[in-house]
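Trainee: Pasting in a structure now, in structure tokens, and then I'll have a few things to ask.
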Amino acid sequence: MAKLLFEWDYSSYPGAKKYPHLFKPIQIGNLIIPNRIKYAATEENLNSHDGFITDAGVAYLRERAKGVVGGICTMQGVYMDKNRQGQGYVGQAAAWDDKFIPGLKRLADAIHAERALAGCQLMHCGRVGAVDVQYCQGPSAVPQRLRIFRPVQEMTKEDIKQCIREHAEATRRALEAGFDIIEISGIVGYLLSNFISPYTNRRTDEYGGDIRGRMRFGVELIQEVKKLCGKDVPLGIRLCAEELLEDVRGSKPEESMITYQIAEEAGIDFISVTAGWQESIVPVISRDVPMGSWLHLAKRAKEHVKVPTSMAYRLFKPDLPNKAIGEGHLDIWEMCRPMIADPQMPKKVLEGREEDIRHCVACNLCLARLFRDAPMTCYINPICAHESDPKYASPPPAEEKKNIMIVGAGPAGLECAYMAARRGHEVHVYEKRKEIGGTIIEASKAPYGDEELFNCINYQKAQCEKVGVTFHLGKEATEELIKNEMPDSVVLATGPVYSKIRGKGFDRENVVNTLDVLSDKAKVGERVVVWGNRKPGIGVALYLAKQKKKVTIVGKDKSAGFDINPSFKWRYMIYLAQNGVTVYNDCDIEEVGDGEVMIKTYDGYRFPVKCDNVIVTEREANDTLKNAIQKEGIELFIIGDALVPRNLSSAVHDGYRIGIRI
Amino acid sequence: MAFDAEKEISKLWRNLHIAQGEIGRTWFRWREAALDIAGPDANPLEISLKAAEVTGREIGKALLPRLNWLKGEEAWLMNLANNLANQWINHGAIVKVEKMGNPFEVFIKWERCPWPTFAKEYGVKMQEDLLGCDRILQSILSDVNIFFNVNYKIETLKAIPRGEGMCLRRLYKV
């Protein structure tokens, strides 16, 4: 008899009518899930370094549990070995002893308090593990391709048996803690995936060889864990539908589908379909991969197995999974990063409040932080990982209502305006342009998915309108205006000023600003030099290279893309090469001439580069109105690029921080 | 816009040669330091070969992300051989990679190499210089072989330190 733990009735919600396939129940094993939504297990490095659950971790997960509106909320994968070889992240939760059960119970209770189903993931990190010890474990001692990871020790048969016992013990603890669903992680380079791939499994015993041999560890694992789960607790598994490791002779796609069938035969109740490894050279989840790109893998999986399937991987908007479920290609919409950016995302979809969704921009900053032993941060969501701090996450109303003037309607100004107005202030935003968005208007013109950056502005605009922010578009804030208005506080969010080349010819007509180029106000010739090798320079360079122009980047940083997080930067380096963009790092422009510029290296070499136009992307802080405001004795804040030119994330975080304290 | 290409290139060229010289001398300065600390009973050859092994392993690790199997084994092998040659070219050697009939065999030819000269400058025996290069190359192959699940070896057929005018090595599939 199938069991329903929490009753949910979605019939009166607009989202259930618009996306009917997302909000209908499904049975997994003997458990009925009220909807098709699952928060995917996600490391956040918020737990103590010895694996105990913290208040921050509980608060983080509870917000996501609220968001799934009755669906599945999976806690991060736990490591299960006392010697910590399976631990892949410094703040990863542990389950190798009964002493961890109370912490796990806190998580299960927090999920249940939101009437959602609690999933616990078992995750031995294999060749990407051993974050705090010298050697990680794997089926074979294949050297690491990425130096960030530890050397691999080949597991003995006794190690394998011990590892399976540890999975079983951790399952018992998760069940005692009250979890409703257990999931085994076998993806992206973690232990089970290491056994499955011929790239990392060179064993000649029964755990190696053909795909059935390589899956033997998985089968024994599933059978042992399933014994404890019994009929009432569904057991899921995350498996690669494609490893994307052809360059190092990984599994073939057809072999991956055999692993799905073997897992089903072994007793798995649902499969989460995934793609790629951390070592893959193919982009999988970054912004340059269009949304829905991996749905063909979900379709393929459905053709091979009967158990329900779920999928995350660039399904950032509800129409994609709704359609896929309707067409029978998928059963459950799984989310990780969209719910890091907005924990309430599916709830807002259900309530018909899609304009209130803070969309993930697929920058992978969250992942980059984890690999550098830092707590999770979201590029676009300042509250992420601060859920346990009510003063920060839900700031109280202002004690004294102020009249606030915000200069600039870019991401920093908008975020600040929204938060300040939400706290009860009267907020006026002055923007010299006739539209809002600041430099994101131009930045979102760059190729490889940058149009998604503008989703941030759409969200902020909607929020500002809801809390009564007054916009004065097409009106430049001047000293005179400030004197006339005499606000209580001024927030300068004007964006940066563009630097002047400190050499001869900087004022020539062929020197143009990147904003004018990206908005097509300035026409440029066939050969251009972009001055500045950070993201704004890379963005405009790729924009022009896509128009078949010969582009050269000249920048002072030692390597291009210094301001792009490492989990995304490598993609840009490949795109620059693929589009024929020449990059001179550690260089500056000494002189702009007619039809060429003189480049000077950091150590004094000079060489000419032919070009029709120079595009300026180097930026500086903008303190144009600072002195005038201070002279009037008005409280002043400077945020975003006006303070220090950085990126969209810094603008949003600056705006939020000032918005909650002003 | 005044620009004297010859002046800029000659300056760059001169500094490249100075940098190459420093690379060579740094190796032998470290060798002297290691021998001093190891004491009079230490075997210089043993220490030198250990350093060569560490160096080779490091170079091998750095090669792993650069080698790619997608274009097939022959292309992969040429890529590997060129990467090996480039290590020495960067130090000032003239190295060429040549294929003969066997698709899984290449010959790497050092027509000129600065390392025996450095060795002489520091009073190091030619045998140590030769065995050091051999050890570096073998150590590079060690991780590369495991990672790509192949078995390639390299053997020295001729050697400048032996007075044979060139170093000729055969990189082949076992």
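Trainee: How large, in Å, is the stretch B:1-138 by the Kirkwood hydrodynamic radius built from its alpha-carbon pairs?
Mentor: On the way: mean 1/r = 0.0579 Å⁻¹.
Over the stretch B:1-138, the inverse of the mean reciprocal pair distance is 17.3 Å.
Trainee: Okay, moving on. Check each of the trypsin sites (Lys or Arg not before Pro) in the stretch A:513-578 and keep only those in coil by DSSP with at most 13 other C-beta atoms within 10 angstrom; list them in order. Don't skip to the answer; put the middle values down first.
Mentor: Values: sites: A:Lys521, A:Lys523, A:Arg527, A:Arg534, A:Lys546, A:Lys548, A:Lys549, A:Lys550, A:Lys556, A:Lys558, A:Lys569, A:Arg571; in loops: A:Lys521, A:Lys523, A:Arg534, A:Lys546, A:Lys548, A:Lys549, A:Lys556, A:Lys558.
The qualifying sites are A:Lys521, A:Lys523, A:Lys548, A:Lys558.
Trainee: Can you bin every Cα-Cα distance in the stretch A:3-371 into 20 Å intervals starting at zero and give me the percent of pairs per bin, rounded to whole numbers?
Mentor: Here the calculated profile for the stretch A:3-371 is 32, 62, 6.
Trainee: Along the positive direction of the dipole of the stretch A:369-425 (beta-carbon charges: Lys, Arg +1; Asp, Glu -1; about the Cα centre), which of A:Gly408, A:Phe371, A:Tyr418 reaches farthest?
Mentor: A:Gly408
Trainee: Could you size up the charge dipole of the stretch B:5-173 around its Cα centre, putting +1 on the beta carbon of Lys and Arg and -1 on that of Asp and Glu, and report it in debye to the nearest 20? Walk me through the numbers on the way to the answer.
Mentor: On the way: 24 positive and 21 negative charges, 76 e Å.
Taking the Cα centre of the stretch B:5-173 as origin, the dipole is about 360 debye.
Trainee: On a C-alpha basis, how far is the centre of the stretch A:315-372 from the centre of the stretch A:176-219 in Å? Whole number, if you could?
Mentor: Each part reduced to its Cα centre gives a spacing of 28 Å.
Trainee: Counting Lys +1, Arg +1, Asp -1, Glu -1, what net charge surrounds B:Thr117 among other residues with beta carbon under 12 Å of its beta carbon? Don't jump to the answer; show the numbers that get you there.
Mentor: Numbers: positive: B:Arg25, B:Arg112, B:Lys120; negative: B:Glu121, B:Asp129.
Around B:Thr117, the charge tally is +1.
Trainee: Then there's this: Just the projected area, averaged over all directions, of the convex hull on the alpha carbon atoms of the stretch B:68-174: how many nm²?
Mentor: The orientation-averaged projected area of the Cα hull of the stretch B:68-174 comes to 6.7 nm².
Trainee: For B:Asp41 and B:Lys173, what is the calculated FRET efficiency with R₀ set at 51 Å and r taken between the beta-carbons, to the nearest 0.05? Before the final figure, lay out the partial values.
Mentor: Numbers: r = 41 Å, r/R0 = 0.81.
With a Förster radius of 51 Å, E is 0.80.
Trainee: Taking the inverse of the average 1/r across all pairs of different Cα atoms in the stretch A:416-480, what Kirkwood radius in Å do you get?
Mentor: Over the stretch A:416-480, the inverse of the mean reciprocal pair distance is 12.8 Å.
Trainee: I would also like to ask the following. Between the stretch A:45-100 and the stretch A:584-643, how far is it from one alpha carbon centroid to the other, in angstrom?
Mentor: Going from one Cα centre to the other spans 45 Å.
Trainee: For the stretch A:501-619, how big is Rg over Rh, using alpha carbon atoms and the Kirkwood form of Rh?
Mentor: Answer for the stretch A:501-619: 0.94.
Trainee: Further question: Just to compare against my own numbers: the Cα pair-distance distribution for the stretch A:3-96, 10 Å bins, whole % per bin, please.
Mentor: Histogramming the stretch A:3-96 at 10 Å steps yields 16, 36, 27, 18, 4, 0 percent.
Trainee: Right, here's the next one. Plugging the Kirkwood radius over Cα pairs into Stokes-Einstein for the stretch A:450-516, at a temperature of 20 °C and a viscosity of 1.002 mPa s, what D comes out in µm²/s?
Mentor: My calculation gives 133 µm²/s for D.
Trainee: What distance in nm separates the simple spin-label points at B:Ala5 and A:Glu254, each placed 7 Å from Cα in the Cβ direction?
Mentor: For B:Ala5 paired with A:Glu254, the spin-label model returns 5.5 nm.
Trainee: At what distance in angstrom do the alpha carbon centres of the stretch A:472-509 and the stretch A:263-280 lie from each other?
Mentor: Cα centroid of the stretch A:472-509 versus Cα centroid of the stretch A:263-280: 54 Å apart.
Trainee: Determine, from the Cβ-Cβ distance of A:His49 and A:Gln547 and an R0 of 35 Å, the FRET efficiency 1/(1 + (r/R0)^6), rounded to the nearest 0.05.
Mentor: Rounded to the nearest 0.05, the efficiency is 0.10.
Trainee: Label-point separation (nm) for A:Glu400 and A:Asn513, each offset 7 Å from Cα along Cα-to-Cβ?
Mentor: For A:Glu400 paired with A:Asn513, the spin-label model returns 3.7 nm.
Trainee: Mind checking A:82-94 for the average number of partner chain beta-carbons within 10 Å of each residue's beta-carbon?
Mentor: Mean partner shielding for this stretch: 0.
Trainee: Given the options A:Val289, A:Ile196, A:Leu175, identify the residue whose Cα lies farthest towards the positive end of the charge dipole of the stretch A:3-371 (+1 on Cβ of Lys, Arg; -1 on Cβ of Asp, Glu).
Mentor: With unit charges placed on the Cβ atoms, the residue in question is A:Val289.
Trainee: For the protein assembly as shown, with equal point scatterers placed on the C-alpha atoms only and solvent neglected, what are the log10 I(q)/I(0) values from the Debye formula at q = 0.09 1/Å, to two decimals?
Mentor: -1.04
Trainee: What order do you get for B:Phe104, A:Phe607, A:Phe217 when you list them from fewest to most C-beta neighbours inside 10 Å? Don't skip to the end; give the middle numbers.
Mentor: Details: B:Phe104 13, A:Phe607 17, A:Phe217 25.
Ranked by crowding around the Cβ, least crowded first: B:Phe104, A:Phe607, A:Phe217.
Trainee: Angle check, please: helix A:216-229 long axis (alpha carbons) against the longest principal axis of chain A (alpha carbons), in degrees 0 to 90, nearest 10.
Mentor: 80
Laboratory data are not the source of any read-out in this text; all were calculated from the coordinates shown. Predicted model, so just to flag it, every value in this text is computed and none were measured. So basically every Cβ, Gly included, is an ideal-geometry build from the backbone, and we count neighbours across all protein chains shown.
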